[in-house]
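Worksheet: the structure to be examined is printed underneath.
Each reported figure results from applying straightforward, stated rules to the coordinates on display, with no laboratory input. The structure displayed is predicted, hence computed values, not measured ones. Ideal geometry is used to build each Cβ from the backbone, glycine not excepted, and the neighbour counts take in all protein chains shown.
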Amino acid sequence: MPAPRIFMYCNSTRGMGRTARTLGIAASLSEALGQSSILVLTDLAMVGRFKLPERVDYVHLPALADSTTNSPKYGLRLERSNILRIRYKIATSTLKAFRPNLVWLDDSLLNLPEEMHNILLALAEELPETKILWGFSDTLGHPDFVLRQWAGMNAGEVFNRFADVIFILGTQRCFDAAKAYRMPEALAHKLFYTGYLSTREQPPKRIGEKLVKAGRRLPLVLLTTEGGREDFAFVDAYLRFLESTRMEVYSLIVAGLGLSSAAKSNLVRRAQALPRVIFKRFSKHLLSYVKAADAVICTGEYNLTSEVLAHRKAALLVPHASEQPDNFHRAQWLQERGLVCVSARESLQPETLEEFLAKSLFGGPRLVPKKQYEEISFDGFTQITESIQELLGYSRQFEAIAAS
């Protein structure tokens, strides 16, 4: 059986989370599928700063600005239609040359319907036998939002024609996508709930050494953003809390890539004037910091939330309803289950942060009770890998080798 060639698409307009997630899945597949070749198509400008797994490489697309956020501040100063045309040429020529036998499409493609339809038509014309998989986050947003979005792109027909499997990176008991998004029975049968993706990466040694050097006699609070127009206000609220409180904590702030240089300078200056504060704009080891933290304050992005849940961390999610409909909806139902706390962006003030941290860090046990996670599984990487092995015939091939 020839070594599989896997093509993976992700769009990272809103931050680096999609590309980080895709590379994590690629690493799991590369480890399991022997001599596979995996090619990731991404528009993340900082993709080169990630360590690539074995037999994995990437092709970089020009960044496409999202009108709802500040990003990207890099890339081409061309009209959107021209950038889309360039992206299409790169994507289709890569598909023709690489000729994958399996394609993984991230749900971020749903936000670019023109690009989505072009890629799918190219697959139908050039590679009709190629298996097409979709990777959906645990939720794509509130049903009203998703159904409106899908109606505008004829999503039902798209998934019926161009989806062999749709992976839901979550748990059905937490959120039933088929029911919520009113999927017909034929489409619902294509869904496969993988459980959440919890990183298997071991924290770099220097992370542990840095925290030990800091003393760690006090709790560690991690605050991070996702890359939106209100990132400055988010970090500013936390710094105002630190500037006014008597509470003693260590703080690690990963401010994200959406800040202007002036905004970053303002925040760095204030952070440096405070004791026990580490300020970073970017960290490729962000998920490892979640493991080390005692409390997490973030926008509720999928990767971070998965780690928060996997390690039962106290968390305050501050999603933006219009910019981050998936994060907002996820935060709502996680709060209903008592797994996280949630604050609206406009309500995030030093007093809100003081109340959350006082209760989470000094008001009792710091870990969320284990019994509240009974319906949630975290073996997403294993489930995805085993399902793809079976789809490609690798499970049967391995069984035949073992039997012989």
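Structure above, values below:
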item	result
Ratio Rg/Rh, restricted to the stretch 205-373 and using Cα atoms, in which Rh is the Kirkwood radius	0.93
The chain: angle of helix 350-362 to the longest principal axis, Cα-based, in degrees nearest 10	90
By average C-beta atoms within 10 angstrom, highest first, the peptides 122-129, 178-185, 32-39	32-39, 178-185, 122-129
Distance between modelled label sites at Gln335 and Arg281, nm, 7 Å Cα→Cβ extension	3.2
Acute angle (nearest 10 degrees) that the helix 143-153 long axis makes with the longest principal axis of the chain, alpha-carbon atoms	40
Charge dipole (debye, nearest 20) of the chain; +1 at Cβ of Lys and Arg, -1 at Cβ of Asp and Glu	1460
Mean Cα-pair separation over length for the stretch 205-373, i.e. relative contact order, pairs under 8 Å, 6 or more apart, %	23
Packing-based exposure ordering (other Cβ within 10 Å, fewest first) of Asp138, Asp144, Asp107, Asp176	Asp144, Asp176, Asp107, Asp138
Local electrostatic count, Pro369, Cβ distance below 14 Å [Lys/Arg +1, Asp/Glu -1]	+4
Under 15 Å from the Glu375 label point (7 Å along Cα→beta-carbon), backbone N, the stretch 160-183	170-180
Local net charge near Phe136, Cβ-Cβ under 13 Å (Lys/Arg +1, Asp/Glu -1)	-1
Ranking of Cys341, Cys10 by count of other Cβ atoms within 10 Å, fewest first	Cys341, Cys10
Angle in degrees between helix 80-98 and the longest Cα principal axis of the chain, rounded to the nearest 10	50
Net charge, Asp164 excluded, C-beta distance under 10 Å - Lys, Arg +1, Asp, Glu -1	+2
